[in-house]
């Protein structure tokens, strides 16, 4: 009986390190699946970046929109402490700098992008109310499109050639669709904007 008890005790002591090792492996596997996820066939989703320098981050990312050939993906994210607009280069797999678009104390949302990737249209509260703005990646200029529209505005979209911008407004008591024409000179399809060297927004 004493011998059997000693043998049983030794077996239990031998099992403890094995169980500990397996438990650690299971925890690491679960953490990896949580951070990296399982990618089904056909998906090219980048893994979340702990440094917030990629397409996905550990903060809410959303409202994606592709340019014409799918190289550039514009989206909004809260990774900088406020809601900002970001641009992701799917070929180089990095963020593209957008100098002059975002500000730390301003929320920018609902982006859309022209076919050549030069123009980005979005909603911002920089002036105290929601307005529709157009950002030119080539000149880095920002233009207020909805300055003469009463009420609130939302959900902007831009035509492939960059000439027309449509959005919703409620200045007439209910939501309607507005169309802004930038003129024929805007539809000349300028050469695609060059990709800056910087790989992240300020």
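The values are calculated or read from the model by the stated rules, or taken from the named source; none is laboratory data. All figures in this text were calculated on a predicted structure; none of them were measured in a lab. Backbone-built Cβ (ideal geometry, glycine too); neighbour counts: all protein chains shown.
Sort out which residues of segment 59-69 are in a loop (DSSP other than H, G, I, E, B) and in contact with a strand residue (DSSP E or B) (Cβ under 8 Å, 6 or more places away or on another chain), and write them in order of number.
Of all residues in segment 59-69, those in a loop (DSSP other than H, G, I, E, B) come to 59-60, 67-69.
Listed by number, the residues that qualify are 59, 60, 67.
Residues of segment 104-121 include at least one that is assigned by TED's automatic domain parsing to the domain that holds residue 158, surrounded by 20 or more Cβ atoms within 10 Å (Cβ to Cβ) and either out of contact with any strand residue (DSSP E or B) (no Cβ under 8 Å at 6 or more places or on another chain) or modelled with pLDDT under 95 (or both). For residue 146, indicate whether it is without any contact (Cβ under 8 Å) to a residue 40 or more places away in the chain and over 19 Å from residue 171 (Cβ atoms). So residue 146 does not fit the description; no.
Got at least one residue in segment 144-154 being assigned to a loop (DSSP other than H, G, I, E, B) and either more than 18 Å from residue 110 (Cβ to Cβ) or outside the structural domain of residue 102 (by TED's automatic domain parsing) (or both)?
Taking segment 144-154 as the starting set, the residues that turn out to be assigned to a loop (DSSP other than H, G, I, E, B) are 145-152.
Okay, now just the ones that are also either more than 18 Å from residue 110 (Cβ to Cβ) or outside the structural domain of residue 102 (by TED's automatic domain parsing) (or both), so 148, 150.
Yes: segment 144-154 contains one or more residues that are assigned to a loop (DSSP other than H, G, I, E, B) and either more than 18 Å from residue 110 (Cβ to Cβ) or outside the structural domain of residue 102 (by TED's automatic domain parsing) (or both).
Candidates in segment 40-53 are the residues that are assigned to a loop (DSSP other than H, G, I, E, B) and in contact with a strand residue (DSSP E or B) (Cβ under 7 Å, 6 or more places away or on another chain); of these, the one that is farthest from residue 123 (Cα to Cα) is 48. Based on this model, can you work out whether residue 132 counts as under 18 Å from residue 181 (Cα atoms), assigned by TED's automatic domain parsing to the domain that holds residue 166 and either more than 17 Å from the chain's Cα centre (by Cα) or in contact (Cβ under 8 Å) with a residue 24 or more places away in the chain (or both)? For residue 132, the condition - under 18 Å from residue 181 (Cα atoms), assigned by TED's automatic domain parsing to the domain that holds residue 166 and either more than 17 Å from the chain's Cα centre (by Cα) or in contact (Cβ under 8 Å) with a residue 24 or more places away in the chain (or both) - is met. Only a single criterion out of (1) under 9 Å from the mean Cα position of the chain (by Cα); (2) in the same structural domain as residue 121 (by TED's automatic domain parsing) is not satisfied by residue 80, namely (1).
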